[in-house]
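The values are calculated or read from the model by the stated rules, or taken from the named source; none is laboratory data. Everything numeric here is computed off the predicted structure, so don't read it as measured data. Cβ coordinates were reconstructed from backbone atoms using ideal geometry, including for glycine residues, and neighbour counts include every protein chain displayed.
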Amino acid sequence: MWHGHLGRDSRVAKPVPLEGTNLDRRTKARELAMQALCQLDVQGDDMLPTLRLFFRENTDDDLVLQLAEQWTGGAWESIRACDDMISHAAVRWKLSRLSHVDRGILRLSVYQLKYCPDVPCKVVINEAIELAKKFSTEQSPRFVNGVLDAVLKMLKQTSAKET
């Protein structure tokens, strides 16, 4: 369970202003967050204290560091909710059968879709597809897209019921 070791203790991400920032920095933060989630998937909470070092070894950009920590912490703290949504959306797939990379991409993306209202859904899905292209198998981008489209529909249905 996430305990705010990286300075975050809230599941809902606080918006980071887009003004004057390079979107490539947000892409780099997503890459680092996905990689950290893969490490956490393999090593569990024991990995938490070393994540800041991992991030610092891979970036000297404070915005990238902040976003990577925020998204990793939020996704890890919300892992059960994210995994439940992924399991419902990936109809014929067990979460345990997915690669660590695909699980990391999906967990990060579902977290952003559900808890980061400042990040447009289209951006989340497009970035997830790009992560899958860069870090996973040839079939992964299509799979990730399908799962995230289904998650987005579930979130919209839930939102519509609440209003």
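Assorted remarks:
- The numbered conditions (1) surrounded by fewer than 15 Cβ atoms within 10 Å (Cβ to Cβ); (2) without any contact (Cβ under 8 Å) to a residue 60 or more places away in the chain are all true for ASP118 except (2).
- Among all positions in region 146-160, there is at least one residue which is more than 25 Å from VAL42 (Cβ to Cβ), of a type in the set (Lys, Arg), assigned to a helix (DSSP H, G or I) and modelled with pLDDT under 95.
- For region 92-144, a residue qualifies if it is of a type in the set (Ser, Thr, Tyr) and more than 17 Å from ALA29 (Cα to Cα), and the qualifying residues are SER96, SER99, SER136, THR137, SER140.
- Looking at VAL101, VAL91, just one residue is assigned to a helix (DSSP H, G or I) and either buried (at least 24 other Cβ atoms within 10 Å of the Cβ) or out of contact with any strand residue (DSSP E or B) (no Cβ under 8 Å at 6 or more places or on another chain) (or both), and that residue is VAL101.
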